[in-house]
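Participant: Attaching a single structure in structure tokens format; questions to follow.
All of the numbers you see were taken from the coordinates with simple rules; none came from a lab. The structure presented is a predicted model; accordingly, all values stated were derived computationally and were not measured. Cβ placement follows ideal geometry from the backbone for every residue including glycine, while neighbour counts extend to all protein chains displayed.
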Amino acid sequence: MWKQIFKTTLIAGSLDIIAACTQAWLAKGTKPGIILKYIASAVFGKDAFAGGTGMILCGLLFHFMIAFACTLVYFLLYPKIKLLHWNIFFSSLLIAIIAWTVTTRLIIPLSQIKQPPFDLTKALIAVSILYVCIGLPVSYFAKRFYSTQK
């Protein structure tokens with residue numbers, strides 16, 4: 001199971017960070033390094049933006065830690081919650097909404113990141129990215145993994 005969790009994390013985490021960086025670049029011309037420094041600023045505060053490659057790598061590490069946590073929790077809950085077996089598209093939506101909620105209502109408030117005001121459009125874009133890039137791969141690979149375990 002661990003091998004599948006790590007593979008799924010690598011796929012979902014990569015898709016998510018690529019989508020987030022692409023969206024930020026298209027919306028405001030923000031470079032990927034700034035996005036990763038923003039993630040690192042959760043721990044290092046404003047000093048992250050003055051840092052170089054080390055801060056970018058920390059941001060990438062933190063991003064994949066969150067993707068791993070999401071993947072791990074889903075894989076552990078999948079055999080216990082029959083609702084998750086119903087449909088990968090429904091499960092993907094649950095994953096996206098939960099991941100967005102945990103990030104914006106728990107992780108960011110506990111971090112050193114200044115919480116931006118709520119913006120419905122940005123929230124819907126973020127949930128959509130999470131749906132496609134995290135939710136679909138995680139729910140698909142969990143379903144596939146557990147269907148081969150029978």
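Participant: Does SER139 count as in contact (Cβ under 8 Å) with a residue 40 or more places away in the chain, assigned to a helix (DSSP H, G or I) and closer than 20 Å to SER14 by Cα?
Facilitator: Details: in contact (Cβ under 8 Å) with a residue 40 or more places away in the chain: yes; assigned to a helix (DSSP H, G or I): yes; closer than 20 Å to SER14 by Cα: yes.
Considered against the rule, which asks whether it is in contact (Cβ under 8 Å) with a residue 40 or more places away in the chain, assigned to a helix (DSSP H, G or I) and closer than 20 Å to SER14 by Cα, SER139 comes out as yes.
Participant: Say whether the condition of being under 30 Å from PHE145 (Cα atoms) and in contact with a His (Cβ under 7 Å, 6 or more places away or on another chain) is met by at least one residue in the range 5-27.
Facilitator: There is at least one residue in the range 5-27 that is under 30 Å from PHE145 (Cα atoms) and in contact with a His (Cβ under 7 Å, 6 or more places away or on another chain).
Participant: Of a type in the set (D, E, K, R) and buried (at least 19 other Cβ atoms within 10 Å of the Cβ): is that true of ASP16 in this structure?
Facilitator: Working: of a type in the set (D, E, K, R): yes; buried (at least 19 other Cβ atoms within 10 Å of the Cβ): yes.
Spelling it out, ASP16 is indeed of a type in the set (D, E, K, R) and buried (at least 19 other Cβ atoms within 10 Å of the Cβ).
Participant: Still on this structure, please answer the following. Considering only residues that are under 17 Å from the mean Cα position of the chain (by Cα) and over 14 Å from SER41 (Cα atoms), look in the range 104-117 and name the one that is surrounded by the most Cβ atoms within 10 Å (Cβ to Cβ).
Facilitator: Once the filter is applied, the top-ranked residue is THR104.
Participant: Just the residues that are closer than 26 Å to VAL138 by Cβ, in contact (Cβ under 8 Å) with a residue 40 or more places away in the chain and of a type in the set (Phe, Trp, Tyr), please, taken from the range 7-59.
Facilitator: Scanning the range 7-59 gives a single hit, TYR38.
Participant: Name the residues in the range 19-44 that are touching a helix residue (DSSP H, G or I) at 6+ places or on another chain (Cβ under 6 Å), crowded, with 18+ Cβ neighbours inside 10 Å and not small (Gly, Ala, Ser), would you?
Facilitator: Across the range 19-44, the qualifying residues are ILE35, LEU36, LYS37, ILE39.
Participant: Kindly provide the set of residues from the range 88-139 that are farther than 16 Å from ILE39 by Cβ and aromatic (Phe, Trp, Tyr), ordered by number.
Facilitator: PHE89, PHE90, PHE118, TYR131 - these are the residues of the range 88-139 that are farther than 16 Å from ILE39 by Cβ and aromatic (Phe, Trp, Tyr).
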